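Asker: My questions will all concern the structure given below.
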Amino acid sequence: LLLQAVFNLLIPDHAADAFSPPRLGPRGPWDALVERLLGGLGRWDAEHFLFIAERGYLLEHNCAFLPLFPLGLRFLAGLVPWPLQLQPRSRLLLSAALLNALLSALAAAALLGLGRAVLRRQRQAFLAALLFSVSPAGVFMAAAYSESMFTFLAFSAMWQLERGHSCLSGLLFSLASGARANGLINAGFFLYSRGKRFALQLQVGSASLRKLPLLWKQVLGLASSAALMCAGIFLPFALFQYYAYVRFCGPGTGLGQSIPEPLLQLARDKGYRVAGVGGTKPLWCSQRFPLVYSYIQETYWNVGFLRYFELRQIPNFLLALPVTLLGSWAAWTYVSTNPWHCLTLGLERSKSEETGKARDGFCGPAAFVYVVHSTALLAFGFSCMHVQVLTRFLGSSSPILYWFPAHLLQEHEPLLWSTGTDKPTSGKVLDKSPTSCGKGTSDNPLVRLLLNWRLITPLSKSILGFFLGYWLLGLILHCNFLPWT
(Lines give C-alpha, C1' and ligand atoms only; values in the text may rest on other atoms or scores of the structure.)
Protein backbone atom coordinates (compact mmCIF):
# COMPACT_ATOMS: atom_id res chain seq x y z
CA LEU A 1 0.00 0.00 0.00
CA LEU A 2 2.85 2.35 0.81
CA LEU A 3 4.72 1.56 -2.41
CA GLN A 4 1.69 2.05 -4.64
CA ALA A 5 1.13 5.47 -3.04
CA VAL A 6 4.78 6.42 -3.64
CA PHE A 7 4.78 5.22 -7.25
CA ASN A 8 1.45 6.92 -7.88
CA LEU A 9 2.91 10.21 -6.65
CA LEU A 10 6.20 9.94 -8.55
CA ILE A 11 4.96 8.59 -11.89
CA PRO A 12 2.32 10.43 -13.93
CA ASP A 13 -0.72 8.38 -14.95
CA HIS A 14 -0.84 7.08 -18.48
CA ALA A 15 -3.78 8.30 -20.57
CA ALA A 16 -5.19 4.82 -21.14
CA ASP A 17 -8.25 4.08 -23.25
CA ALA A 18 -10.00 2.38 -20.34
CA PHE A 19 -13.34 2.71 -18.62
CA SER A 20 -13.19 5.94 -16.62
CA PRO A 21 -16.57 7.24 -15.45
CA PRO A 22 -16.82 10.95 -14.62
CA ARG A 23 -16.42 11.97 -10.99
CA LEU A 24 -19.69 13.55 -9.97
CA GLY A 25 -20.32 15.85 -7.05
CA PRO A 26 -17.99 18.18 -5.13
CA ARG A 27 -14.67 16.75 -3.96
CA GLY A 28 -13.48 17.76 -0.53
CA PRO A 29 -9.89 17.82 0.77
CA TRP A 30 -10.31 14.39 2.37
CA ASP A 31 -11.46 12.91 -0.95
CA ALA A 32 -8.35 14.33 -2.62
CA LEU A 33 -6.18 12.81 0.12
CA VAL A 34 -7.79 9.37 -0.24
CA GLU A 35 -7.33 9.53 -4.01
CA ARG A 36 -3.69 10.55 -3.61
CA LEU A 37 -2.94 7.75 -1.13
CA LEU A 38 -5.06 4.93 -2.55
CA GLY A 39 -5.78 6.01 -6.12
CA GLY A 40 -3.44 3.34 -7.49
CA LEU A 41 -5.87 0.70 -6.26
CA GLY A 42 -8.64 2.02 -8.50
CA ARG A 43 -7.13 1.50 -11.96
CA TRP A 44 -8.26 -0.55 -14.97
CA ASP A 45 -10.96 -3.09 -14.01
CA ALA A 46 -11.14 -1.64 -10.51
CA GLU A 47 -13.04 1.28 -12.07
CA HIS A 48 -15.78 -1.18 -13.01
CA PHE A 49 -15.99 -2.71 -9.53
CA LEU A 50 -16.10 0.69 -7.82
CA PHE A 51 -18.69 1.98 -10.30
CA ILE A 52 -20.90 -1.11 -9.82
CA ALA A 53 -20.62 -0.85 -6.04
CA GLU A 54 -21.72 2.79 -6.20
CA ARG A 55 -24.36 2.79 -8.93
CA GLY A 56 -25.22 -0.83 -9.75
CA TYR A 57 -25.23 -2.42 -13.19
CA LEU A 58 -26.18 0.61 -15.27
CA LEU A 59 -24.02 -0.25 -18.27
CA GLU A 60 -24.14 -3.51 -20.18
CA HIS A 61 -20.40 -4.17 -20.25
CA ASN A 62 -20.28 -3.88 -16.43
CA CYS A 63 -21.99 -7.31 -16.42
CA ALA A 64 -18.63 -8.95 -17.19
CA PHE A 65 -17.86 -8.40 -13.49
CA LEU A 66 -19.82 -10.61 -11.11
CA PRO A 67 -21.60 -9.05 -8.13
CA LEU A 68 -20.18 -10.62 -4.96
CA PHE A 69 -17.16 -8.32 -4.61
CA PRO A 70 -19.06 -5.06 -5.39
CA LEU A 71 -21.72 -6.14 -2.90
CA GLY A 72 -18.99 -6.68 -0.30
CA LEU A 73 -17.58 -3.21 -0.95
CA ARG A 74 -20.98 -1.58 -0.72
CA PHE A 75 -21.83 -3.42 2.49
CA LEU A 76 -18.53 -2.50 4.14
CA ALA A 77 -18.70 1.14 3.00
CA GLY A 78 -22.18 1.44 4.53
CA LEU A 79 -21.28 -0.47 7.68
CA VAL A 80 -18.17 1.41 8.77
CA PRO A 81 -18.94 4.72 10.58
CA TRP A 82 -16.56 6.98 8.64
CA PRO A 83 -15.59 9.99 10.81
CA LEU A 84 -14.95 12.18 7.76
CA GLN A 85 -17.14 13.63 5.03
CA LEU A 86 -16.25 11.49 2.02
CA GLN A 87 -17.74 10.89 -1.40
CA PRO A 88 -19.08 7.37 -2.09
CA ARG A 89 -16.08 6.56 -4.31
CA SER A 90 -13.64 7.49 -1.53
CA ARG A 91 -15.49 5.33 0.99
CA LEU A 92 -15.51 2.43 -1.48
CA LEU A 93 -11.80 2.84 -2.19
CA LEU A 94 -11.02 2.73 1.53
CA SER A 95 -13.31 -0.29 1.88
CA ALA A 96 -11.50 -2.06 -0.96
CA ALA A 97 -8.11 -1.50 0.70
CA LEU A 98 -9.36 -2.80 4.05
CA LEU A 99 -11.34 -5.74 2.65
CA ASN A 100 -8.61 -7.02 0.33
CA ALA A 101 -5.91 -6.64 3.00
CA LEU A 102 -7.99 -8.94 5.20
CA LEU A 103 -8.99 -11.38 2.46
CA SER A 104 -5.49 -11.78 1.05
CA ALA A 105 -4.16 -12.62 4.53
CA LEU A 106 -6.98 -15.12 5.04
CA ALA A 107 -6.24 -16.59 1.59
CA ALA A 108 -2.61 -17.16 2.63
CA ALA A 109 -3.83 -18.92 5.78
CA ALA A 110 -6.23 -21.06 3.72
CA LEU A 111 -3.41 -21.97 1.33
CA LEU A 112 -1.29 -22.99 4.32
CA GLY A 113 -4.05 -25.26 5.62
CA LEU A 114 -4.68 -26.72 2.17
CA GLY A 115 -0.97 -27.32 1.65
CA ARG A 116 -0.67 -29.16 4.95
CA ALA A 117 -3.61 -31.38 4.02
CA VAL A 118 -2.50 -32.18 0.46
CA LEU A 119 1.29 -32.00 0.53
CA ARG A 120 1.63 -33.39 4.07
CA ARG A 121 4.87 -31.45 4.40
CA GLN A 122 4.75 -28.63 6.90
CA ARG A 123 7.74 -26.70 5.60
CA GLN A 124 6.76 -26.96 1.94
CA ALA A 125 3.23 -25.77 2.74
CA PHE A 126 4.61 -22.87 4.78
CA LEU A 127 7.05 -21.87 2.04
CA ALA A 128 4.21 -21.91 -0.51
CA ALA A 129 2.12 -19.62 1.71
CA LEU A 130 5.06 -17.22 1.97
CA LEU A 131 5.42 -17.22 -1.80
CA PHE A 132 1.74 -16.35 -2.03
CA SER A 133 2.45 -13.30 0.13
CA VAL A 134 4.76 -11.99 -2.63
CA SER A 135 2.64 -13.36 -5.46
CA PRO A 136 3.42 -12.12 -8.99
CA ALA A 137 -0.26 -11.18 -9.03
CA GLY A 138 0.18 -9.26 -5.77
CA VAL A 139 -1.05 -5.89 -7.02
CA PHE A 140 -4.43 -7.45 -7.88
CA MET A 141 -4.71 -8.87 -4.38
CA ALA A 142 -4.50 -5.32 -3.02
CA ALA A 143 -6.34 -3.33 -5.71
CA ALA A 144 -10.13 -3.06 -5.95
CA TYR A 145 -10.33 -6.37 -7.83
CA SER A 146 -12.17 -9.56 -6.89
CA GLU A 147 -8.98 -11.69 -6.89
CA SER A 148 -8.45 -11.71 -3.12
CA MET A 149 -12.06 -12.61 -2.40
CA PHE A 150 -12.07 -15.37 -5.00
CA THR A 151 -8.73 -16.79 -3.86
CA PHE A 152 -9.82 -16.89 -0.24
CA LEU A 153 -13.12 -18.61 -1.09
CA ALA A 154 -11.62 -21.08 -3.57
CA PHE A 155 -8.65 -22.12 -1.40
CA SER A 156 -10.89 -22.38 1.67
CA ALA A 157 -13.36 -24.54 -0.24
CA MET A 158 -10.56 -26.85 -1.45
CA TRP A 159 -9.25 -27.11 2.10
CA GLN A 160 -12.65 -27.96 3.55
CA LEU A 161 -13.21 -30.58 0.85
CA GLU A 162 -9.88 -32.20 1.78
CA ARG A 163 -11.05 -32.26 5.40
CA GLY A 164 -14.29 -34.00 4.39
CA HIS A 165 -16.58 -31.02 5.07
CA SER A 166 -18.54 -31.30 1.82
CA CYS A 167 -21.42 -28.97 2.67
CA LEU A 168 -19.19 -26.12 3.83
CA SER A 169 -16.94 -26.67 0.83
CA GLY A 170 -19.92 -26.52 -1.53
CA LEU A 171 -21.11 -23.27 0.04
CA LEU A 172 -17.66 -21.68 -0.37
CA PHE A 173 -17.34 -22.89 -3.96
CA SER A 174 -20.79 -21.47 -4.67
CA LEU A 175 -19.80 -18.07 -3.26
CA ALA A 176 -16.60 -18.18 -5.32
CA SER A 177 -18.62 -18.59 -8.52
CA GLY A 178 -20.45 -15.41 -7.55
CA ALA A 179 -17.11 -13.57 -7.48
CA ARG A 180 -15.45 -14.83 -10.68
CA ALA A 181 -16.78 -16.87 -13.59
CA ASN A 182 -13.87 -19.30 -13.57
CA GLY A 183 -15.22 -20.50 -10.23
CA LEU A 184 -17.58 -22.71 -12.25
CA ILE A 185 -14.73 -25.06 -13.11
CA ASN A 186 -14.30 -25.79 -9.40
CA ALA A 187 -17.30 -28.11 -9.70
CA GLY A 188 -14.73 -30.55 -11.07
CA PHE A 189 -13.26 -30.95 -7.58
CA PHE A 190 -16.59 -32.27 -6.30
CA LEU A 191 -17.09 -34.57 -9.26
CA TYR A 192 -13.59 -35.98 -8.90
CA SER A 193 -13.94 -36.38 -5.13
CA ARG A 194 -17.17 -38.36 -5.50
CA GLY A 195 -15.83 -40.44 -8.39
CA LYS A 196 -12.60 -41.28 -6.58
CA ARG A 197 -14.43 -42.28 -3.43
CA PHE A 198 -16.68 -44.63 -5.39
CA ALA A 199 -13.77 -46.12 -7.37
CA LEU A 200 -11.77 -46.81 -4.20
CA GLN A 201 -14.80 -48.41 -2.56
CA LEU A 202 -15.13 -50.77 -5.51
CA GLN A 203 -11.47 -51.75 -5.23
CA VAL A 204 -11.72 -52.41 -1.49
CA GLY A 205 -15.06 -54.02 -2.34
CA SER A 206 -16.65 -56.41 0.03
CA ALA A 207 -19.00 -59.04 -1.40
CA SER A 208 -22.05 -57.08 -0.27
CA LEU A 209 -20.86 -53.97 -2.10
CA ARG A 210 -20.63 -55.87 -5.39
CA LYS A 211 -24.27 -56.92 -5.23
CA LEU A 212 -26.07 -55.20 -8.09
CA PRO A 213 -28.92 -53.51 -6.12
CA LEU A 214 -26.51 -52.03 -3.58
CA LEU A 215 -24.14 -50.96 -6.33
CA TRP A 216 -26.87 -49.12 -8.21
CA LYS A 217 -28.04 -47.52 -4.99
CA GLN A 218 -24.56 -46.18 -4.33
CA VAL A 219 -24.17 -44.96 -7.91
CA LEU A 220 -27.45 -43.08 -7.77
CA GLY A 221 -26.64 -41.63 -4.36
CA LEU A 222 -23.24 -40.37 -5.47
CA ALA A 223 -24.60 -39.02 -8.76
CA SER A 224 -27.46 -37.16 -7.08
CA SER A 225 -25.23 -35.62 -4.40
CA ALA A 226 -22.65 -34.58 -7.00
CA ALA A 227 -25.36 -33.10 -9.23
CA LEU A 228 -26.85 -31.19 -6.29
CA MET A 229 -23.48 -29.76 -5.28
CA CYS A 230 -22.65 -28.76 -8.87
CA ALA A 231 -26.05 -27.09 -9.23
CA GLY A 232 -25.33 -25.09 -6.09
CA ILE A 233 -21.97 -23.99 -7.51
CA PHE A 234 -23.58 -22.89 -10.79
CA LEU A 235 -26.54 -21.16 -9.13
CA PRO A 236 -25.01 -17.71 -8.39
CA PHE A 237 -23.69 -17.37 -11.95
CA ALA A 238 -27.03 -18.49 -13.43
CA LEU A 239 -29.01 -16.09 -11.23
CA PHE A 240 -26.81 -13.20 -12.31
CA GLN A 241 -27.35 -14.04 -15.98
CA TYR A 242 -31.10 -13.96 -15.34
CA TYR A 243 -30.77 -10.62 -13.55
CA ALA A 244 -28.89 -9.17 -16.53
CA TYR A 245 -31.53 -10.53 -18.91
CA VAL A 246 -34.34 -8.84 -16.98
CA ARG A 247 -32.37 -5.60 -16.71
CA PHE A 248 -31.20 -5.25 -20.31
CA CYS A 249 -33.61 -7.34 -22.38
CA GLY A 250 -36.89 -6.26 -20.83
CA PRO A 251 -38.90 -3.23 -21.89
CA GLY A 252 -37.47 0.20 -21.09
CA THR A 253 -38.32 1.28 -17.56
CA GLY A 254 -37.35 4.92 -17.80
CA LEU A 255 -34.31 4.30 -15.63
CA GLY A 256 -32.28 6.51 -17.94
CA GLN A 257 -34.17 9.54 -16.67
CA SER A 258 -32.60 9.12 -13.22
CA ILE A 259 -29.05 8.67 -14.54
CA PRO A 260 -26.88 11.81 -14.40
CA GLU A 261 -26.34 13.44 -17.78
CA PRO A 262 -22.50 13.07 -17.69
CA LEU A 263 -22.92 9.28 -17.46
CA LEU A 264 -25.41 9.24 -20.31
CA GLN A 265 -23.04 11.34 -22.38
CA LEU A 266 -20.22 8.90 -21.66
CA ALA A 267 -22.45 6.03 -22.81
CA ARG A 268 -23.29 7.89 -26.04
CA ASP A 269 -19.64 8.72 -26.71
CA LYS A 270 -18.37 5.20 -26.06
CA GLY A 271 -21.34 3.27 -27.40
CA TYR A 272 -22.24 1.71 -24.05
CA ARG A 273 -25.72 0.21 -23.71
CA VAL A 274 -27.61 1.64 -20.71
CA ALA A 275 -30.06 -0.38 -18.61
CA GLY A 276 -33.69 0.66 -18.69
CA VAL A 277 -33.36 2.76 -21.83
CA GLY A 278 -35.49 1.72 -24.77
CA GLY A 279 -33.95 0.78 -28.08
CA THR A 280 -32.82 -2.24 -30.05
CA LYS A 281 -32.32 -5.26 -27.88
CA PRO A 282 -28.80 -6.71 -27.85
CA LEU A 283 -28.18 -9.89 -29.82
CA TRP A 284 -27.58 -12.03 -26.77
CA CYS A 285 -31.16 -11.45 -25.60
CA SER A 286 -32.50 -13.59 -28.46
CA GLN A 287 -30.19 -16.53 -27.85
CA ARG A 288 -31.67 -19.80 -26.65
CA PHE A 289 -29.58 -19.52 -23.50
CA PRO A 290 -28.92 -15.79 -23.13
CA LEU A 291 -25.49 -15.40 -21.52
CA VAL A 292 -24.47 -11.80 -21.14
CA TYR A 293 -21.04 -12.77 -19.78
CA SER A 294 -19.78 -14.57 -22.89
CA TYR A 295 -21.35 -11.95 -25.16
CA ILE A 296 -19.54 -9.09 -23.42
CA GLN A 297 -16.22 -10.93 -23.42
CA GLU A 298 -16.51 -11.52 -27.16
CA THR A 299 -17.99 -8.16 -28.21
CA TYR A 300 -16.19 -5.68 -25.97
CA TRP A 301 -12.85 -7.42 -25.44
CA ASN A 302 -12.58 -9.75 -28.46
CA VAL A 303 -12.11 -12.81 -26.27
CA GLY A 304 -12.29 -16.11 -28.14
CA PHE A 305 -10.37 -19.16 -29.28
CA LEU A 306 -6.98 -18.14 -30.77
CA ARG A 307 -8.20 -14.57 -31.35
CA TYR A 308 -5.19 -13.19 -29.51
CA PHE A 309 -2.68 -14.97 -31.72
CA GLU A 310 -1.44 -11.92 -33.62
CA LEU A 311 2.05 -10.59 -34.24
CA ARG A 312 1.31 -7.36 -32.39
CA GLN A 313 0.48 -9.37 -29.25
CA ILE A 314 3.98 -10.85 -28.97
CA PRO A 315 4.88 -8.52 -26.04
CA ASN A 316 1.87 -9.81 -24.13
CA PHE A 317 2.86 -13.41 -24.82
CA LEU A 318 6.33 -12.61 -23.49
CA LEU A 319 4.73 -11.11 -20.39
CA ALA A 320 2.87 -14.38 -19.82
CA LEU A 321 5.89 -16.55 -20.65
CA PRO A 322 7.19 -17.08 -17.06
CA VAL A 323 3.88 -18.33 -15.68
CA THR A 324 3.28 -20.42 -18.82
CA LEU A 325 6.66 -22.12 -18.46
CA LEU A 326 6.14 -22.62 -14.73
CA GLY A 327 2.69 -24.15 -15.18
CA SER A 328 3.85 -26.40 -18.03
CA TRP A 329 6.92 -27.49 -16.07
CA ALA A 330 4.74 -28.34 -13.07
CA ALA A 331 2.45 -30.52 -15.21
CA TRP A 332 5.40 -32.29 -16.91
CA THR A 333 7.15 -32.92 -13.58
CA TYR A 334 4.06 -34.45 -12.06
CA VAL A 335 3.19 -36.62 -15.08
CA SER A 336 6.75 -37.87 -15.57
CA THR A 337 6.99 -38.75 -11.87
CA ASN A 338 3.57 -40.48 -11.70
CA PRO A 339 2.80 -41.80 -15.22
CA TRP A 340 0.58 -44.70 -14.14
CA HIS A 341 -1.22 -42.62 -11.55
CA CYS A 342 -2.04 -40.06 -14.24
CA LEU A 343 -3.12 -42.69 -16.79
CA THR A 344 -5.57 -44.15 -14.28
CA LEU A 345 -6.72 -40.63 -13.31
CA GLY A 346 -5.70 -41.33 -9.74
CA LEU A 347 -8.63 -43.71 -9.33
CA GLU A 348 -6.57 -46.83 -8.68
CA ARG A 349 -5.15 -47.33 -5.22
CA SER A 350 -1.43 -48.02 -5.39
CA LYS A 351 0.43 -50.44 -3.14
CA SER A 352 2.18 -47.56 -1.39
CA GLU A 353 -1.19 -46.01 -0.55
CA GLU A 354 -2.49 -49.33 0.78
CA THR A 355 0.50 -49.64 3.10
CA GLY A 356 0.31 -45.99 4.15
CA LYS A 357 3.64 -45.15 2.53
CA ALA A 358 2.41 -43.00 -0.35
CA ARG A 359 4.69 -40.26 -1.64
CA ASP A 360 4.01 -36.87 -0.09
CA GLY A 361 4.89 -33.37 -1.27
CA PHE A 362 4.09 -31.87 -4.65
CA CYS A 363 4.53 -35.17 -6.51
CA GLY A 364 2.26 -37.09 -4.14
CA PRO A 365 -1.00 -38.67 -5.37
CA ALA A 366 -3.15 -36.15 -3.49
CA ALA A 367 -1.94 -33.30 -5.73
CA PHE A 368 -3.21 -34.92 -8.96
CA VAL A 369 -6.53 -33.10 -9.22
CA TYR A 370 -4.87 -29.75 -8.52
CA VAL A 371 -2.33 -30.31 -11.31
CA VAL A 372 -5.17 -31.17 -13.71
CA HIS A 373 -7.06 -28.05 -12.62
CA SER A 374 -4.01 -25.82 -13.09
CA THR A 375 -3.17 -27.30 -16.49
CA ALA A 376 -6.76 -26.90 -17.72
CA LEU A 377 -6.78 -23.24 -16.64
CA LEU A 378 -3.41 -22.68 -18.31
CA ALA A 379 -4.52 -24.24 -21.61
CA PHE A 380 -7.80 -22.31 -21.62
CA GLY A 381 -6.20 -19.02 -20.68
CA PHE A 382 -3.40 -19.35 -23.23
CA SER A 383 -5.72 -20.18 -26.13
CA CYS A 384 -8.94 -18.30 -25.35
CA MET A 385 -8.14 -15.26 -23.17
CA HIS A 386 -6.01 -12.14 -23.29
CA VAL A 387 -2.83 -14.03 -22.60
CA GLN A 388 -1.23 -11.39 -20.37
CA VAL A 389 -3.85 -12.02 -17.66
CA LEU A 390 -2.56 -15.58 -17.19
CA THR A 391 -0.38 -14.52 -14.27
CA ARG A 392 -3.23 -13.23 -12.13
CA PHE A 393 -5.64 -15.83 -13.55
CA LEU A 394 -3.52 -18.72 -12.25
CA GLY A 395 -2.19 -16.82 -9.25
CA SER A 396 -5.70 -16.33 -7.88
CA SER A 397 -7.12 -19.74 -8.83
CA SER A 398 -4.57 -22.51 -8.43
CA PRO A 399 -2.33 -23.47 -5.50
CA ILE A 400 0.04 -25.13 -7.98
CA LEU A 401 1.62 -21.75 -8.81
CA TYR A 402 2.90 -21.70 -5.21
CA TRP A 403 3.33 -25.40 -4.43
CA PHE A 404 5.57 -26.17 -7.40
CA PRO A 405 8.06 -23.30 -6.81
CA ALA A 406 8.15 -24.29 -3.13
CA HIS A 407 8.91 -27.86 -4.23
CA LEU A 408 11.70 -26.67 -6.54
CA LEU A 409 13.24 -24.48 -3.86
CA GLN A 410 13.23 -27.26 -1.28
CA GLU A 411 14.59 -29.82 -3.71
CA HIS A 412 17.35 -27.75 -5.31
CA GLU A 413 18.33 -25.01 -2.87
CA PRO A 414 21.00 -26.15 -0.35
CA LEU A 415 20.29 -23.21 1.96
CA LEU A 416 16.86 -24.71 2.66
CA TRP A 417 18.14 -28.20 3.35
CA SER A 418 18.23 -29.32 6.96
CA THR A 419 19.15 -32.45 8.83
CA GLY A 420 15.58 -32.98 10.00
CA THR A 421 12.72 -34.49 8.04
CA ASP A 422 9.63 -32.66 6.89
CA LYS A 423 7.10 -34.59 8.96
CA PRO A 424 3.43 -33.61 9.29
CA THR A 425 3.80 -33.58 13.08
CA SER A 426 6.81 -31.28 13.03
CA GLY A 427 6.14 -28.06 14.91
CA LYS A 428 9.09 -26.20 13.39
CA VAL A 429 8.93 -24.72 9.94
CA LEU A 430 12.66 -24.71 9.26
CA ASP A 431 15.75 -25.42 11.28
CA LYS A 432 17.66 -22.35 12.37
CA SER A 433 20.55 -21.25 10.19
CA PRO A 434 23.58 -19.01 10.83
CA THR A 435 21.77 -16.17 9.10
CA SER A 436 18.85 -16.15 11.53
CA CYS A 437 18.37 -12.83 13.28
CA GLY A 438 18.14 -13.22 17.03
CA LYS A 439 18.09 -16.32 19.19
CA GLY A 440 15.25 -18.74 19.62
CA THR A 441 13.30 -17.37 16.65
CA SER A 442 11.99 -19.31 13.67
CA ASP A 443 13.75 -18.60 10.42
CA ASN A 444 11.76 -17.24 7.51
CA PRO A 445 12.98 -19.17 4.44
CA LEU A 446 12.32 -16.29 2.03
CA VAL A 447 14.30 -13.90 4.21
CA ARG A 448 17.09 -16.45 4.42
CA LEU A 449 17.28 -16.71 0.63
CA LEU A 450 17.17 -12.96 0.09
CA LEU A 451 19.86 -12.27 2.70
CA ASN A 452 22.07 -14.83 0.95
CA TRP A 453 21.23 -13.82 -2.62
CA ARG A 454 24.79 -14.32 -3.91
CA LEU A 455 24.96 -17.84 -2.53
CA ILE A 456 21.67 -19.25 -3.80
CA THR A 457 21.37 -21.28 -7.00
CA PRO A 458 20.40 -19.77 -10.39
CA LEU A 459 17.08 -21.64 -10.17
CA SER A 460 16.27 -20.00 -6.85
CA LYS A 461 17.22 -16.60 -8.25
CA SER A 462 14.92 -17.19 -11.23
CA ILE A 463 11.95 -18.16 -9.06
CA LEU A 464 12.39 -15.33 -6.58
CA GLY A 465 13.16 -12.90 -9.42
CA PHE A 466 9.88 -13.80 -11.11
CA PHE A 467 7.81 -13.47 -7.94
CA LEU A 468 9.39 -10.29 -6.60
CA GLY A 469 9.95 -8.72 -10.03
CA TYR A 470 6.32 -9.09 -11.09
CA TRP A 471 5.17 -8.06 -7.61
CA LEU A 472 7.11 -4.79 -7.90
CA LEU A 473 6.46 -4.12 -11.59
CA GLY A 474 2.76 -4.62 -10.99
CA LEU A 475 2.77 -1.86 -8.39
CA ILE A 476 4.67 0.50 -10.69
CA LEU A 477 2.75 -0.11 -13.90
CA HIS A 478 -0.79 -1.05 -12.88
CA CYS A 479 -1.12 1.78 -10.36
CA ASN A 480 -0.36 4.35 -13.08
CA PHE A 481 -2.73 3.03 -15.77
CA LEU A 482 0.15 1.41 -17.66
CA PRO A 483 -0.45 -1.98 -19.35
CA TRP A 484 0.13 -4.96 -17.09
CA THR A 485 -1.22 -8.43 -16.45
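Asker: Return a yes/no flag: does the range 304-311 have any residue that is under 15 Å from His61 (Cα atoms) and modelled with pLDDT under 90.
Answerer: no
Asker: Here are some conditions: (1) part of a helix (DSSP H, G or I); (2) on the phi > 0 side of the Ramachandran plot. Gly25 meets all but one. Which one does it not meet?
Answerer: Gly25 satisfies every listed condition except (1).
Asker: From the list Ser174, Ser133, Ser148, which one is open to solvent by less than 10 Å² (accessible area, probe 1.4 Å), closer than 28 Å to Ala53 by Cα and out of contact with any Cys (no Cβ under 7 Å at 6 or more places or on another chain)?
Answerer: Only one candidate qualifies: Ser148.
Asker: Only residues in the range 302-313 that are without any contact (Cβ under 8 Å) to a residue 12 or more places away in the chain and assigned to a loop (DSSP other than H, G, I, E, B) count as the first member; pair them with residues that are surrounded by 10 or more Cβ atoms within 10 Å (Cβ to Cβ) and hydroxyl-bearing (Ser, Thr, Tyr), Cβ under 9 angstrom, at least 6 apart or cross-chain, and list the lot.
Answerer: What qualifies is Asn302/Tyr308; Phe309/Ser383.
Residue-by-condition table, conditions (1) more than 18 Å from the chain's Cα centre (by Cα); (2) β-branched (Val, Ile, Thr); (3) surrounded by fewer than 18 Cβ atoms within 10 Å (Cβ to Cβ):
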residue: Pro22; (1), (2), (3): yes, no, yes
residue: Pro29; (1), (2), (3): yes, no, yes
residue: Glu35; (1), (2), (3): yes, no, no
residue: Gly40; (1), (2), (3): yes, no, no
residue: Phe75; (1), (2), (3): yes, no, yes
residue: Leu79; (1), (2), (3): yes, no, yes
residue: Leu92; (1), (2), (3): yes, no, no
residue: Leu102; (1), (2), (3): no, no, yes
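One line per residue, one yes/no per condition, for (1) more than 15 Å from the chain's Cα centre (by Cα); (2) open to solvent by 20 Å² or more (accessible area, probe 1.4 Å):
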{"residue": "Tyr334", "(1), (2)": "yes, no"}
{"residue": "Thr344", "(1), (2)": "yes, yes"}
{"residue": "Arg359", "(1), (2)": "yes, yes"}
{"residue": "His373", "(1), (2)": "no, no"}
{"residue": "Thr391", "(1), (2)": "no, no"}
{"residue": "Ser396", "(1), (2)": "no, no"}
{"residue": "Pro399", "(1), (2)": "no, no"}
{"residue": "Ala406", "(1), (2)": "yes, no"}
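Asker: Given (1) open to solvent by less than 10 Å² (accessible area, probe 1.4 Å); (2) without any contact (Cβ under 8 Å) to a residue 24 or more places away in the chain; (3) among the aliphatic types (A, V, I, L, M), identify the lone condition not met by Ala107.
Answerer: Status for Ala107: all satisfied but (2).
Asker: Do you know which residues across the range 277-302 are open to solvent by less than 90 Å² (accessible area, probe 1.4 Å), in contact with a Cys (Cβ under 9 Å, 6 or more places away or on another chain) and at pLDDT below 90?
Answerer: Correct list: Pro282, Trp284, Cys285, Pro290.
Asker: Here is a follow-up. Evaluate the following for Ala96: is it under 30 Å from Leu409 (Cβ atoms), open to solvent by less than 10 Å² (accessible area, probe 1.4 Å), among the hydrophobic types (A, V, I, L, M, F, W, C) and at pLDDT 95 or above?
Answerer: The answer is no for Ala96.
Asker: A further question follows. Within the range 375-389, can you find the residues that are open to solvent by 10 Å² or more (accessible area, probe 1.4 Å), aliphatic (A, V, I, L, M), in contact (Cβ under 8 Å) with a residue 24 or more places away in the chain and part of a helix (DSSP H, G or I)?
Answerer: Ala376, Leu378, Val389
Asker: So which of Leu131, Leu98, Leu76 is more than 30 Å from Tyr300 (Cα to Cα), in contact (Cβ under 8 Å) with a residue 60 or more places away in the chain and in a helix (DSSP H, G or I)?
Answerer: Leu131
Asker: Something else: Provide a single number: the residues in the range 254-273 that are open to solvent by 70 Å² or more (accessible area, probe 1.4 Å) and either within 30 Å of Leu175 (Cβ to Cβ) or at pLDDT 90 or above (or both).
Answerer: Number satisfying all stated conditions: 1.
The values are calculated or read from the model by the stated rules, or taken from the named source; none is laboratory data. In this text, all values refer to a predicted model and were calculated from it rather than measured experimentally. Note that each Cβ is placed from the backbone with ideal geometry, even for glycine, and that neighbours are counted across all protein chains shown. What goes into the accessible areas is simple: the full protein's heavy atoms, side chains included, and nothing from ligands, DNA or RNA. Shrake-Rupley method; radii C 1.70, N 1.55, O 1.52, S 1.80 Å.
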